[in-house]
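The values are calculated or read from the model by the stated rules, or taken from the named source; none is laboratory data. These numbers come from a predicted model, not from an experiment. When we count neighbours, we look across all protein chains shown, and the Cβ atoms used for this are built from the backbone with ideal geometry, even at glycine.
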């Protein structure tokens, strides 16, 4: 078992560029499958009516917070395990994974109890009322039961990512997504609506389908990791001993990443409130453009995810030449891919926007957003990849600082100033985002170069 991990690290060092795509392609497929699920799930729920969509939508801030904690701390787990494996410290890597399990138990336990006892009050505080509150609570009261399965599965994926195994988690996530899509119409619609199999549970059915699929994914991970011992990482929870140094190693990367995601969610809420000043169609256009944003950056997030593992391993192994090589290659690849995709977005923005709506005002505003923002997408890609490089080096604070500067320090205040003080048209909100992205790019690139110069100086290498 141990030789398998060593051969994986050795093969990564032998051909870092191939290693990046070995890691990135499964991540991209996994994210693509999840994106497909989100679209299909909303199509099914949409057949129940606008109130059903709104009821589910009021759950999204809660789950974005949950996702932010899981993915953020998970990135800390990935970086920690990757560096420890690079240092050939298997016991430390195992202990880091055991800390991840303890974190998953704590987070899922706390949030499940909060959801059960205070979920309806939280939905009401977020603005849900009447039938929408009822539907929102129907959804939340069911789906909160599957929260532990989602959290544990997220941490299992992060553990496997740390040892360079992206393919297996992608396959498991794919199976869960397919199961969810199959179960959705069966649980949601009435018998007469879906042959002889529909249970007619409405939004509760959509939640139950998600819970069943999450439970299935969780059980597969448990079987493969604890029974079949599929991974290089092994778990000895009976002899688990908490370590402040390992806990700090995870938190110093993971907590800033979690806070960054929460800040981005807050920023999106701020922009929604600013844009409603113009019209509801403007808010809708922002959401349409945001969906296309996710598609554009899908390969970049995949490359960035692979970079966290490789940078962590190479840095831990003190293979500084390979570290320099993969950072240059990863950033260059992100830039070129986004440059090409941005050109397509600029040329076909109207076609892409019309996939989501027939409302010409929404399409026009969305096209304006996409054609302006596509000019700086390649810089955003470099900033995203640079942030993951810093995480791989064990430094989580830069990502948080850059996010705070971009969202709270520049784009949101500028948009408020342009919209309410200068009373400029909506395009000036896009200018605010472009200015913030350009400044974030500059800070991110400078910070990565500073850290690399420091590392290379210590080891007598050149970038």
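Among 208, 237, which is the only one that is over 16 Å from residue 31 (Cα atoms), surrounded by 15 or more Cβ atoms within 10 Å (Cβ to Cβ) and touching a residue at least 12 places away in the same chain (Cβ under 8 Å)? Show your work before the answer.
Numbers: 237 fails: surrounded by 15 or more Cβ atoms within 10 Å (Cβ to Cβ).
Residue meeting the stated conditions: 208.
Just the residues that are modelled with pLDDT of 90 or more and surrounded by 20 or more Cβ atoms within 10 Å (Cβ to Cβ), please, taken from region 116-137.
If the condition is that a residue be modelled with pLDDT of 90 or more and surrounded by 20 or more Cβ atoms within 10 Å (Cβ to Cβ), then 137 is the only one that fits.
Name the one entry in 411, 415 that is closer than 20 Å to residue 262 by Cβ, surrounded by 15 or more Cβ atoms within 10 Å (Cβ to Cβ), over 23 Å from the mean Cα position of the chain (by Cα) and not assigned by TED's automatic domain parsing to the domain that holds residue 84. Explain how you work it out, then say what you get.
Numbers: 411 fails: over 23 Å from the mean Cα position of the chain (by Cα).
So the residue among 411, 415 that is closer than 20 Å to residue 262 by Cβ, surrounded by 15 or more Cβ atoms within 10 Å (Cβ to Cβ), over 23 Å from the mean Cα position of the chain (by Cα) and not assigned by TED's automatic domain parsing to the domain that holds residue 84 is 415.
Among (1) surrounded by fewer than 17 Cβ atoms within 10 Å (Cβ to Cβ); (2) assigned to a helix (DSSP H, G or I); (3) touching a helix residue (DSSP H, G or I) at 6+ places or on another chain (Cβ under 8 Å), which single condition is residue 458 missing?
Only one criterion is unmet by residue 458, namely (3).
Please count how many residues of region 338-351 are under 23 Å from the mean Cα position of the chain (by Cα) and crowded, with 18+ Cβ neighbours inside 10 Å.
Going through region 338-351 one residue at a time, the tally reaches 4.
Looking at residue 78, is it over 19 Å from residue 138 (Cβ atoms) and modelled with pLDDT under 75? Before you say what the answer is, go through the steps one by one.
Values: over 19 Å from residue 138 (Cβ atoms): yes; modelled with pLDDT under 75: no.
Considered against the rule, which asks whether it is over 19 Å from residue 138 (Cβ atoms) and modelled with pLDDT under 75, residue 78 comes out as no.
Run down 377, 446, 417 and say which single residue is in contact with a helix residue (DSSP H, G or I) (Cβ under 6 Å, 6 or more places away or on another chain) and at pLDDT 90 or above.
Numbers: 446 fails: in contact with a helix residue (DSSP H, G or I) (Cβ under 6 Å, 6 or more places away or on another chain); 417 fails: in contact with a helix residue (DSSP H, G or I) (Cβ under 6 Å, 6 or more places away or on another chain).
That would be 377, the only listed residue that is in contact with a helix residue (DSSP H, G or I) (Cβ under 6 Å, 6 or more places away or on another chain) and at pLDDT 90 or above.
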